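Enquirer: Encoded as structure tokens, here's the structure I'll be asking about.
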Amino acid sequence: MPEELPDPDSIHYWDGVSNSELRYQLCNGCKSSIFYPRSICPACGSSDICWKVSSGLGKIYACTTVYRAPPKYKDKVPYIVALIDLDEDYRMMSEIINFGEKDVSVGKQVKVIFRDDIDGKLMPYFTPID
């Protein structure tokens, strides 16, 4: 199967990841933070959107431990997936690493780090802030 290419809305996001930057969009009309990348603000419908670099700091909104994964990820189980509320007022999903399963909880402060995934592609992950 051929590798998927970034679509026009997400190419700046993936360029940021390749440079260890977590990027998000900001609507110049209503000032809403936007994530996942798109061409129109979901809050006000404006297409006047710019890209910003996130601090990568946030807290866990919700999390779960994966024990039964697709075949490609079977050697990773258990692993933790969470919704992260970033300080710039947007939410994204990512894997939590460098955590003990019992140490993960809603409200826990985290920061982004970039590592290669199973396929060797640089991806954002989150880890605890001590």
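The values are calculated or read from the model by the stated rules, or taken from the named source; none is laboratory data. These numbers were taken from a predicted model, which means no experiment stands behind them. Backbone-built Cβ (ideal geometry, glycine too); neighbour counts: all protein chains shown.
Enquirer: For the range 62-88, give me the residue count where each residue is surrounded by 14 or more Cβ atoms within 10 Å (Cβ to Cβ), in contact (Cβ under 8 Å) with a residue 40 or more places away in the chain and farther than 18 Å from R115 by Cα.
Expert: The qualifying residues number 3.
Enquirer: Can you spot a residue in the range 102-109 that is buried (at least 17 other Cβ atoms within 10 Å of the Cβ) and assigned by TED's automatic domain parsing to the domain that holds F126?
Expert: Yes, the range 102-109 has at least one match.
Enquirer: Of everything in the range 109-130 that's assigned to a strand (DSSP E or B), among the hydrophobic types (A, V, I, L, M, F, W, C) and touching a residue at least 60 places away in the same chain (Cβ under 8 Å), which residue is nearest to I60 (Cα to Cα)?
Expert: Ranking the qualifying residues of the range 109-130, first place goes to F126.
Enquirer: What number of residues within the range 22-37 are in contact with a Lys or Arg (Cβ under 6 Å, 6 or more places away or on another chain) and assigned to a loop (DSSP other than H, G, I, E, B)?
Expert: 0
Enquirer: Separate question: Checking the condition assigned by TED's automatic domain parsing to the domain that holds P6, at negative phi, buried (at least 16 other Cβ atoms within 10 Å of the Cβ) and modelled with pLDDT of 95 or more, which residue from F35, F126 passes?
Expert: Result: F35 is the single residue among F35, F126 that is assigned by TED's automatic domain parsing to the domain that holds P6, at negative phi, buried (at least 16 other Cβ atoms within 10 Å of the Cβ) and modelled with pLDDT of 95 or more.
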